[in-house]
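Take a look at the structure below.
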Amino acid sequence: MIFAFDIIILIFLVVAAIISLSVKDLLSSAMIFGIYGFLICLLWAEMGAVDVAFTEAAVGAGVSAVFFIATIYNTRRRSSD
Amino acid sequence: MSEFIQTNVQPYFNFWIYVVLMMIGLWALIAKNNLIKKLIGMSIFQTAIILFYVSLGVKDGSTIPILDHHGPEHHETADAGHDDVHEKEHGKKAEPHHADDHVGPNPDTIANPLPHVLMLTAIVVGVSTLGVALAIGQMIFKEFGTLEENEILEQIKAGNVDD
């Protein structure tokens with residue numbers, strides 16, 4: 001575990017979470033949530049949990065972003081908040 | 001203040017951020033109006049809990065829990081000085097003697113893999129709950145024509161629901 005990487009990735013993580021929840025366009029919200037997933041995947045590789053890291057990269061960042069985009073495609077793109 | 005940061009914040013920075021992410025997710029689940037925003041908050045909440053568990057397995061200066069060789073570490077070095085006959089005679093009797101010694105890698109140099117393995121299950125379960133929740137969201141959109149919570153509640157109060 002490298003503390004400099006740790007602190008940078010964790011701060012980016014909080015920023016990505018807040019932006020993903022405050023953007024009004026749901027498609028960009030889903031994209032920024034994908035960025036959040038890849039950041040947390042980086043964090044796990046850095047913390048020594050490589051198995052969790054590649055599961056998260058495949059499942060958390062990839063599949064859940066695809067699920068969100070499929071749902072937004074079938075419903076509406078705008079959000080009120 | 002700087003002493004507080006050195007003793008409480010810096011060694012436990014992962015745990016502080018875990019609490020912050022968890023509160024962001026909880027706030028989104030409660031206060032956001034759009035159902036998809038609520039589900040993004042739920043995913044952030046789940047990853048915060050996984051971050052807590054993975055942080056429990058981290059040690060200072062530890063590496064990934066993968067070994068590049070099999071078996072006890074001392075075999076090559078301990079048997080290097082013996083010839084074959086000597087090893088056959090004393091090889092098996094020497095084993096219990098060596099068992100007290102340091103066998104295998106030092107556990108302080110590798111991260112604890114048990115929380116990692118538990119969290120693999122949690123990630124897969126989290127994605128499947130997300131998939132089911134988004135499918136239910138699409139059904140709600142088909143029924144009400146919107147994903148905003150206040151509009152759905154208004155339609156339910158007005159009695160526009162056909163079961």
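Laboratory data are not the source of any read-out in this text; all were calculated from the coordinates shown. Computed from a predicted structure; not experimentally measured. Positions of Cβ are backbone-derived with ideal geometry, glycine not excepted, and every protein chain shown enters the neighbour counts.
Annotation: of all residues in segment B:123-161 being within 9 Å of another protein chain (Cβ to nearest Cβ) and under 17 Å from the mean Cα position of the chain (by Cα), the one that is nearest to residue A:2 (Cα to Cα) is B:123.
Here A:2, A:9 are screened, and the one residue that is crowded, with 16+ Cβ neighbours inside 10 Å and more than 9 Å from chain B (Cβ to nearest Cβ) is A:9.
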